[in-house]
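Chemist: Structure provided below as structure tokens; questions to follow.
The values are calculated or read from the model by the stated rules, or taken from the named source; none is laboratory data. Note that the coordinates shown come from a computational prediction; the quantities given were computed from them, not determined experimentally. Here the Cβ positions follow ideal geometry from the backbone for every residue, glycine too, while neighbour counts run over all protein chains shown. We work out accessible area using only protein heavy atoms, side chains counted, and drop any ligands, DNA or RNA first. Shrake-Rupley method; radii C 1.70, N 1.55, O 1.52, S 1.80 Å.
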Amino acid sequence: MANIIDGNKIAQDIRNEVRQRALELKEQQEIIPGLAVVLVGEDPASQVYVGRKAKACAEVGFISREYKLPAATDEEKLLKIIHKLNKDKSIHGILVQLPLPKHISTENVIAAIDPNKDVDGFHPYNVGGLVTGTPQFVPCTPRGIMEMLARTGIELAGKEAVVVGRSNIVGKPIALLLLAQNATVTMCHSKTKDLPTVTGRADVLIAAIGKPHMIKANMVKEGAVVIDVGVNRLENGKLAGDVAFDEVAAKASYITPVPGGVGPMTIAMLMQNTLDAALASE
Ligand code: GUN
């Protein structure tokens, strides 16, 4: 039976560290990290995430500002708000919750955010830094996964790492981060041939697909480290990961549960990125 990596515990440790450092920053330099979160529309899942972000800010002693805009908001109005936040000295991090309504260009909106306040790490400048190995801001979920692996003492150099899923938010950045730690990285996606053979080579398997319980025991090597990024809502209302937990846990050496695995790490790393932005703003 695998060791379960407790994301709630690691995320709490990180929030405690961030709160401590933020306290010092306030005492020594009178800087309070500030995060602006912009939500367009009424997507229920997004509303839950935005609420959690505000709560985490309060816990670590940051200022948080929420902009809740109607779904019909036009791009120009949203860009104006971003430009204002770019100039606002009390705001160190800007996050625009995705997905945006279809009539707004996600690309234009992300490009409008000052790269020095891009705590999501989605701006092309920050994506470029990740590719060249000189990252300024790393997207929160991949950064959270790397933190989990590091704090669990999992060595990556020379290991076979397989990433299933090629999103800009998780798949692509986690592949680059694993590569930067000298893993041998393979990326899989919906067109990959014979997926079980490829995933079966993985010492470290990252499942970021968005299909409940897709990774079965026959796709996993004995002793593998399995990181489940899936957050799938089942018809019965329960959350399910991309990994068939029970059968895979019987084979893996380490595994992350859903919920309580990668999920809580994302917001903890958002706090860390916002702190980093405030520290760099001095
Ligand atoms: N939607 C789903 N994940 C994310 C994220 O990490 N950042 C933002 N801005 N939106 C998201």
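Chemist: Given the residues PRO173, PRO135, which is the only one that is within 14 Å of the ligand (Cβ to nearest atom) and either out of contact with any Ser or Thr (no Cβ under 7 Å at 6 or more places or on another chain) or assigned to a helix (DSSP H, G or I) (or both)?
Modeler: Going through PRO173, PRO135 in turn, the sole match is PRO173.
Chemist: Does GLU76 qualify as being part of a loop (DSSP other than H, G, I, E, B) and open to solvent by 70 Å² or more (accessible area, probe 1.4 Å)?
Modeler: Here the answer is no, as GLU76 does not meet what is asked.
Chemist: Of the residues in region 129-154, how many are farther than 25 Å from VAL226 by Cβ and open to solvent by less than 30 Å² (accessible area, probe 1.4 Å)?
Modeler: Of the residues in region 129-154, 2 are farther than 25 Å from VAL226 by Cβ and open to solvent by less than 30 Å² (accessible area, probe 1.4 Å).
So that you can scan it fast, the table gives a plain yes or no per residue for (1) closer than 22 Å to ILE169 by Cβ; (2) within 13 Å of the ligand (Cβ to nearest atom):
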| site | (1), (2) |
| --- | --- |
| LEU69 | yes, no |
| GLU76 | no, no |
| ILE82 | yes, yes |
| LEU100 | yes, yes |
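Chemist: In this structure, does PHE122 turn out to be under 30 Å from VAL198 (Cα atoms), crowded, with 16+ Cβ neighbours inside 10 Å and within 14 Å of the ligand (Cβ to nearest atom)?
Modeler: In short, yes.
Chemist: For SER190, only one of the following conditions fails: (1) in contact (Cβ under 8 Å) with a residue 12 or more places away in the chain; (2) out of contact with any strand residue (DSSP E or B) (no Cβ under 8 Å at 6 or more places or on another chain); (3) among the polar types (S, T, N, Q). What is its number?
Modeler: The number of the failed condition is (1).
Chemist: Considering every residue within region 94-103, establish whether at least one is touching a Pro at 6+ places or on another chain (Cβ under 8 Å), in contact (Cβ under 8 Å) with a residue 60 or more places away in the chain and either open to solvent by less than 10 Å² (accessible area, probe 1.4 Å) or not in a helix (DSSP H, G or I) (or both).
Modeler: Among the residues of region 94-103, not one is touching a Pro at 6+ places or on another chain (Cβ under 8 Å), in contact (Cβ under 8 Å) with a residue 60 or more places away in the chain and either open to solvent by less than 10 Å² (accessible area, probe 1.4 Å) or not in a helix (DSSP H, G or I) (or both), which makes the answer no.
Chemist: Hey, can you tell me all the residues within region 138-169 that are in a loop (DSSP other than H, G, I, E, B) and of a type outside the set (A, V, I, L, M)?
Modeler: PRO139, THR152, GLY153, GLU155, GLY158, LYS159, GLY165, ARG166, SER167, ASN168
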